[in-house]
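Asker: Structure in structure tokens, see below.
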Amino acid sequence: MTTRSTGADRDPTADGEPDGAAVAVRVVDSVSDVPAEDWDACATSPSVSSQIDSAASQNESESSRSEPEETCNPFVTHAFLHSLEASGAVGAEAGWLPQHLVIDRPGGGLRGAMPCYLKNNSFGEYVFDHGWADAYERAGGRYYPKLQVSVPFTPATGPRLLVRPDDQADLNRQLLIAAAIELCKRHHVSSIHWTFLLKPEWDLLGALGVLRRTDRQFHWRNDGYDTFDDFLAALSSRKRKAIRRERKGAVANDIEIVRLTGSDITEAHWDAFYGFYMDTGARKWGRPYLNRAFFSEIGARMANRIVLVMARREGAWIAGALNFAGDTTLFGRHWGCVEDHPFLHFELCYYQAIEHAIENRLTFVEAGAQGEHKLSRGYMPVTTYSAHFIADPGLRRAIADFLEREQHYVEAEAEALRTYAPFRKGD
């Protein structure tokens, strides 16, 4: 176990700590060095979730809605982060070296935590800065290593400044940010990147002078539907008929679809799904990020948070989609197949996710990055948020100019996409 102070200590009288004890933020090289209950006391606290888990409800036009609390974003839990590390999917060889920041409580446990990684590349992040790196290095700078505050390989919105729900919460968030900047200076790295964070965290970082960036994804919202047919009834007639045709076509070749969770998921299912994942990864990226051991790890540690949708034909598994469930949101993550069938991707990834959300009273489905084709299937454009501390003043000015122009484009594109919503006029 290796722990180090970042040097970002604070005046103890301002922090209200007893006996004049200094407040120190430590760096830990593995989440396994922190007891799971201590990490999760920060990661699953209502004070985090009440700031809104799903990016769908962060849109300015929806900001007045009262949303149910998400007290468990599965990706920032100890179980998920530990599964990445224990399987070897994350580590020095993978280009994600853990440098997690934690704030200890005087009586034991943690006041705050932040998943943080030292990186020597920009793979597996989904907020693209390759152009920044290329430009900086052409100008004689050194962009890598950098610090990444995120969940590896996971473009899903969630908290990044994890704190306990007490009257020190805001201070602890600021301590985590200050410690990250101190760590950046200590390692002589070019930058820090907080990606897919909550909008209140994005606002806080912006108030502290950190550059801010936006992008968009497509998320589905449950407007009180009791059945999938209720959802279809909210769509225009043409879109409703198209979805029914796709769902019928997806199972036309004697395909059986099942949803599995908890102890129903076996190693045989993971063997099959890993084959699907590798096929998709090899075709899309040429370099799948996760290994077979990772799926066994999550199966052992958090099976009750997993919804595995599998398709079978003639007794053999042919396709699957992996989802993780929070308290209000179903997060679609990976998909793959070994046989091509019309509409099977849409059925497993989008319609089964919607059906599961309706049956389990979930409010949102986040279906991952990219995909304008999701719009016609009821997934609407929503804003996602990232923040970027750039150490070099010249690079910072150039990126700030780019981000201002990019944000106008992102807003205009999302507004244009909303005009193609599949819902009935007036809904």
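The values are calculated or read from the model by the stated rules, or taken from the named source; none is laboratory data. Quick caveat, the model's predicted, so the values are computed rather than measured. Methodologically, a virtual Cβ is constructed for each residue, glycine included, from the backbone with ideal geometry; neighbour enumeration extends over all protein chains shown.
A quick yes/no check of all residues on (1) outside any helix (DSSP H, G or I); (2) over 23 Å from Phe153 (Cα atoms); (3) out of contact with any His (no Cβ under 6 Å at 6 or more places or on another chain); (4) modelled with pLDDT of 95 or more:
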position	(1), (2), (3), (4)
Ile318	yes, yes, yes, yes
Ala321	yes, no, yes, yes
Arg333	yes, no, yes, yes
Pro342	yes, yes, yes, yes
Leu348	no, no, yes, yes
Ala353	no, no, yes, yes
Ile358	no, yes, yes, yes
Leu362	yes, yes, yes, yes
Gln370	yes, no, yes, no
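Asker: I'd like to know if region 351-360 contains one or more residues that are β-branched (Val, Ile, Thr) and either under 25 Å from Ala79 (Cα atoms) or surrounded by 23 or more Cβ atoms within 10 Å (Cβ to Cβ) (or both).
Answerer: yes
Asker: Now for a different question. For region 194-217, enumerate the residues that are hydroxyl-bearing (Ser, Thr, Tyr) and either part of a helix (DSSP H, G or I) or surrounded by 22 or more Cβ atoms within 10 Å (Cβ to Cβ) (or both).
Answerer: Thr195
Asker: Looking at Gly112, Gly124, which is the one that is assigned by TED's automatic domain parsing to the domain that holds Pro35, touching a residue at least 12 places away in the same chain (Cβ under 8 Å) and within 25 Å of Leu175 (Cα to Cα)?
Answerer: Answer to the check: Gly112.
Asker: Need the failing condition index for His408 against (1) surrounded by fewer than 16 Cβ atoms within 10 Å (Cβ to Cβ); (2) touching a residue at least 60 places away in the same chain (Cβ under 8 Å), just the number.
Answerer: (2)
Asker: Looking at region 186-193, is at least one residue in a helix (DSSP H, G or I) and out of contact with any helix residue (DSSP H, G or I) (no Cβ under 8 Å at 6 or more places or on another chain)?
Answerer: Within region 186-193, one or more residues are in a helix (DSSP H, G or I) and out of contact with any helix residue (DSSP H, G or I) (no Cβ under 8 Å at 6 or more places or on another chain).
Asker: Does region 177-185 contain any residue that is assigned to a loop (DSSP other than H, G, I, E, B) and crowded, with 17+ Cβ neighbours inside 10 Å?
Answerer: Among the residues of region 177-185, not one is assigned to a loop (DSSP other than H, G, I, E, B) and crowded, with 17+ Cβ neighbours inside 10 Å, which makes the answer no.
Asker: Select from region 271-297 the residues that are acidic (Asp, Glu) and at pLDDT 90 or above and list them in ascending order.
Answerer: If the condition is that a residue be acidic (Asp, Glu) and at pLDDT 90 or above, then Asp271, Glu297 are the ones that fit.
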